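*Asks:* Next up is a structure, given as C-alpha cells.
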Amino acid sequence: MKVKDFYFDLPEELIAQEPLNERDKSRLMIIDRKSGEITHSIFRDIIDYLEAGDCLVLNNSRVIPARLFGVKDDTGARAEFVLLKRIDKDRWETLVKPGKKVKIGSSFTFGNGELRCKIIGNTDFGGRIVEFEYEGIFENVLDVLGEMPLPPYIKSKLEDKERYQTVYSKVQGSAAAPTAGLHFTEELLERIKQKGVKIAFVTLHVGLGTFRPVKVENISEHKMHEEFYNLDEENAKIINETKKSGKRIIAVGTTSCRTLETIADEDGLVKPMSGWTDIFIYPGYRFKILDGLITNFHLPESTLIMLVSAFAGKDLIMNAYETAVKERYRFFSFGDAMFIK
C-alpha cells in the first residue's frame, strides 16, 4: 500500500487555528463500520452513543513546555529545541532547528543563563542528544523558560495553555497533546460515568511520531519512533472486566489505541506493564482489543489516518474525510472529532 493512497485535498482554511470557547461544542461525525453510514452530531452528545458497561480508555499524559529557544555560545546564533524523549535525568533526545548548524560539541544558553546545554550526540532520525546544566529542579526551570510545542500548522498564539491539555491530564511527559481528549469537559465525563460507562486511563507520552512524516513510498517500510507507555493494575482490571463482560472498549485517541494494541494479548486482555512502543497500525492490521475509536481529523498521508483506515476500512475513511471537507469540519489538533463504532 502506498502513501499516496491516503492523500486527500484539504483546504487550508479548514485547519483549526484555535480551540472553541467550549470544549464539548465541537462537531462530531459518527461512522458506523458495519453499515458505512455517516451521521453528524455535536461532541457533547457522544453520551448518546455510549452504553452502560462500555469502557472509555483515556490517555492521561500531560504536555510539558517542551519548546526552548537557545543562543549558541560561540556565535550568538539562535536555535529552537523541542524535547522529545528523556534518556536519563539531564539528557534528552531533541528536535533542533536549524539542525544542520548544530554540531556535536556545540553549547547553548537559554533565558538569562538559568539553563545551558551541550550537544553530545546525534539520533537516527536527524535529531540531537543534549545534556542540560541548571540549578534546582529541571521541571521548574522548564516551566519558566519553555513554551507549549504547538504543531507547526497552528500559526495563532495560544492564550490559555490549558486548552492544549486534556482536563484529565496528569502524568508529565508529552511533546504534543493527545488531542481527541481535548473535547471532554469534567462535567461531560461525570455524566458519562453516571450513565454507567467505565473510565480507564493509560499513559502514552506523545513524541516524535506526531511530527514525523511518512517519507517512504511503501508504507510497510515506515518506522515509528518509540514512545513510553504505562498501564497500572487498577486500570488493567477495569479494561479486562469490560472485555470479559462482552461490552465495548472504546479508545479516546490514536495514542490510547496504540497503547492498548501494544499491551493486549490475542484474547483481547491486558496486563499491567510499562515500556516503549513503536507499533505502526495500518490497513491489514488485526485489532485485538478495540471496539470503538474517538479521534480527530488527521493530516493527509499521515500514520494517524492510516491507523483509522485500518480500523474502519480505507474506503469508508477516505469517504468520511471527503464528507468532512464538504461539510466544512475543522481539522487537526483544535478541530472536530469522529466516533467510529
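The values are calculated or read from the model by the stated rules, or taken from the named source; none is laboratory data. None of these values were measured; they are calculated from a predicted model. Neighbour counts are summed over all protein chains in view; Cβ atoms, including those assigned to glycine, are modelled from backbone coordinates with ideal geometry. We work out accessible area using only protein heavy atoms, side chains counted, and drop any ligands, DNA or RNA first. Shrake-Rupley method; radii C 1.70, N 1.55, O 1.52, S 1.80 Å.
*Asks:* Seen from all sides and averaged, what is the projected area of the convex hull of the Cα atoms in the chain, in nm²? Could the numbers behind the result be given before it?
*Replies:* Numbers: hull surface 69.1 nm².
For the chain, averaging the hull's shadow over all directions gives 17.3 nm².
*Asks:* How tilted is helix 314-326 with respect to the longest principal axis of the chain? Cα atoms for both, answer in degrees (0 to 90, nearest 10).
*Replies:* The angle comes out near 80 degrees.
*Asks:* Here's something else I'd like to know. In debye, nearest 20, what is the charge dipole magnitude of the chain about its Cα centre with +1 on Lys and Arg Cβ and -1 on Asp and Glu Cβ, if you could check?
*Replies:* Rounded to the nearest 20 debye, it is 400 debye.
*Asks:* Another question, if that's okay. For the stretch 246-341, what does the equivalent ellipsoid look like in terms of its semi-axes, each the square root of 5 times an eigenvalue of the Cα gyration tensor, given largest first in whole Å? If you can, show how the numbers build up before the last one.
*Replies:* Working: eigenvalues 123, 35, 31 Å².
So the equivalent ellipsoid measures 25, 13, 12 Å along its semi-axes.
*Asks:* Determine how large the accessible area of ILE38 is when every protein chain is in place; take a 1.4 Å probe and give Å² rounded to the nearest 10.
*Replies:* 40 Å²
*Asks:* Taking the Cβ of HIS183 as the centre, find all other residues whose Cβ is under 13 Å away and add up their charges (Lys, Arg: +1; Asp, Glu: -1).
*Replies:* Values: positive: ARG23, LYS25, ARG27, ARG44, ARG163, ARG330; negative: GLU22, ASP24, ASP45, GLU186, GLU187, ASP336.
That sum, taken over residues with Cβ under 13 Å, equals 0.
*Asks:* Also: Where a ≥ b ≥ c are the square roots of the eigenvalues of the C-alpha gyration tensor, would you call the stretch 155-262 rounded, which needs a/c under 1.5, or, failing that, prolate if a/b is larger than b/c, or oblate? Display every interim value, and only then the final one.
*Replies:* On the way: a/c = 2.15, a/b = 1.25, b/c = 1.72.
Here the stretch 155-262 falls in the oblate category.
*Asks:* So what's the net charge close to LEU95: Lys and Arg +1, Asp and Glu -1, counting the other residues with Cβ under 10 Å from its Cβ? List each step's numbers first, then the result.
*Replies:* Values: positive: ARG67, LYS97, ARG128, ARG212; negative: GLU80, GLU93.
Local net charge: +2.
*Asks:* Can you compute log10 of I(q)/I(0) for the stretch 1-159 with the Debye formula, treating each Cα as one identical point scatterer, at q = 0.08, 0.10, 0.18 Å⁻¹?
*Replies:* Values, matching the q order: -0.40, -0.59, -1.13.
*Asks:* Another one. Count the net charge of all other residues whose Cβ sits under 13 Å from the Cβ of GLU221, scoring Lys and Arg as +1 and Asp and Glu as -1. Can you show the working numbers first?
*Replies:* Values: positive: LYS2, LYS215, LYS223; negative: GLU217.
For residues surrounding GLU221, the net value is +2.
*Asks:* Counting only Cα, what are the radius of gyration and maximum Cα-Cα distance Dmax of the stretch 1-47, in Å?
*Replies:* 14.5, 40
*Asks:* Same structure again: Can you tell me the relative contact order of the chain? Whole percent, Cα pairs under 8 Å, sequence separation 6 or more.
*Replies:* Numbers: 719 pairs, mean separation 85.3, N = 341.
About 25 percent, as a whole number.
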